[in-house]
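Notes for the one structure printed next.
Nothing in this text is a laboratory measurement; each read-out follows from the coordinates by a stated rule. Quick caveat: nothing in here was measured; it's all calculated off a predicted structure. All Cβ positions, glycine included, derive from the backbone under ideal geometry; neighbour counts span all protein chains shown.
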């Protein structure tokens with residue numbers, strides 16, 4: 001399989017290049033400022049049309065949308081690990097998915113998928129408990145809260161059967177309402193990613209936590225997704241389908 005990687009000089013993109021190479025795939029590392037080891041992203045249309053089996057994209061939302069448009073034109077499956085899309089950008093990805101298979105995930109760690117299942121079970125079992133979500137990432141991460149935290153919040157809403165009011169941090173005088181879910185974001189150092197869900201009732205607290213010790217777990221999941229996606233029909237796919 002020939003794997004094109006957009007954002008190959010980024011933190012996670014570089015790990016995807018290494019993971020795909022270790023598995024024996026031919027890797028086409030792409031960057032807007034290529035070195036001797038990378039190709040120029042400006043040549044993406046020709047690379048996807050003539051060389052790549054699949055594109056893995058860990059860039060930024062605007063670039064990813066453009067890459068998805070090109071992938072749709074060239075018939076190239078695309079795995080997306082970028083987060084922070086707005087509604088219009090998500091609609092553009094839907095348009096591309098009408099032409100090619102697209103798998104987008106906010107987190108490619110297998111443990112996060114397990115966390116989502118456990119969070120759902122916990123929220124369903126403890127419907128009256130207060131819920132708070134805290135996420136921590138390195139100081140270079142742009143979007144806040146993280147895409148994974150947003151996915152966790154969506155899972156909580158689904159389990160409750162209603163959307164809770166998301167309160168992003170707190171200051172001043174404010175009495176917590178039961179309809180709230182607190183969302184807390186920390187950015188510091190080189191933290192790869194940590195997500196914590198706290199469910200608190202009278203006199204007891206349940207805490208569910210996932211911590212990534214290396215970005216390689218995200219890269220491994222992304223390459224798993226690429227291997228799985230190659231021969232799929234056009235459409236939108238979820239990482240849980242790869243794991244199942």
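Quick check on the exposure proxy: order 74, 64 from fewest to most C-beta atoms within 10 angstrom.
Numbers: 74 18, 64 28.
In increasing order of surrounding Cβ atoms, one gets 74, 64.
Rg(Cα) of the chain divided by 2.2 N^0.38 Å? Please report the intermediate quantities before stating the final value.
Values: Rg = 19.0 Å, N = 244, 2.2 N^0.38 = 17.8 Å.
Rounded to two decimals, the normalised Rg is 1.07.
I'd like to compare 117-124, 51-58: which one has the highest average count of other Cβ atoms within 10 Å, and what's the full order after that? The partial results should precede the final answer.
Numbers: 117-124: 16.1, 51-58: 24.8.
Packing proxy ranking, top to bottom: 51-58, 117-124.
Just to confirm the number: angle between the C-alpha axis of helix 216-229 and the first principal axis of the chain, 0 to 90 degrees, nearest 10?
So the helix axis and the longest Cα principal axis differ by about 60 degrees.
Cα centroids of region 173-244 and region 42-98: how far apart, whole angstrom?
23 Å
Rounding to the nearest 10 and keeping the result within 0 to 90°, find how far the Cα-based axis of helix 61-74 lies from the longest principal axis of the chain.
Compared with the principal axis, the helix lies near 40 degrees.
Give the angle, between 0 and 90 degrees and rounded to the nearest 10, that separates the Cα long axis of helix 87-97 from the longest principal axis of the Cα atoms of the chain.
The answer is roughly 40 degrees.
Output the relative contact order of the chain, whole-number percent, from Cα pairs under 8 angstrom with separation of 6+ residues.
23 percent
How do 106-116, 128-138 rank on mean C-beta neighbours within 10 Å, highest first? Before the final figure, lay out each step's value.
Working: 106-116: 20.7, 128-138: 18.9.
Most protected by this proxy first, the peptides run 106-116, 128-138.
Okay, helix-only estimate at 222 nm for the chain: each DSSP H run of n ≥ 4 adds -39500 (n - 2.57), divide by all residues, round to 500 deg cm²/dmol; what do you get?
Mean residue ellipticity at 222 nm (helix-derived): -11500 deg cm²/dmol.
Of the DSSP beta bridges with both residues in region 110-211, give the percent that are antiparallel, rounding to the nearest 5.
On the way: 15 of 26 bridges.
Of those bridges, close to 60 percent are antiparallel.
Over all pairs of distinct alpha carbons, what does the Kirkwood formula give as the hydrodynamic radius of region 110-211, in Å? Write down the numbers at each step before the final one.
Values: mean 1/r = 0.0715 Å⁻¹.
In region 110-211 this quantity evaluates to 14.0 Å.
When DSSP beta bridges are limited to those with both residues in the chain, what percentage is antiparallel, rounded to the nearest 5?
Values: 15 of 46 bridges.
Expressed as a percentage, antiparallel bridges in the chain total about 35.
Let me see the P(r) profile for region 41-184: every Cα-Cα distance counted, bins of 10 Å, each bin given as a percent of all pairs.
10, 33, 29, 19, 7, 2, 0
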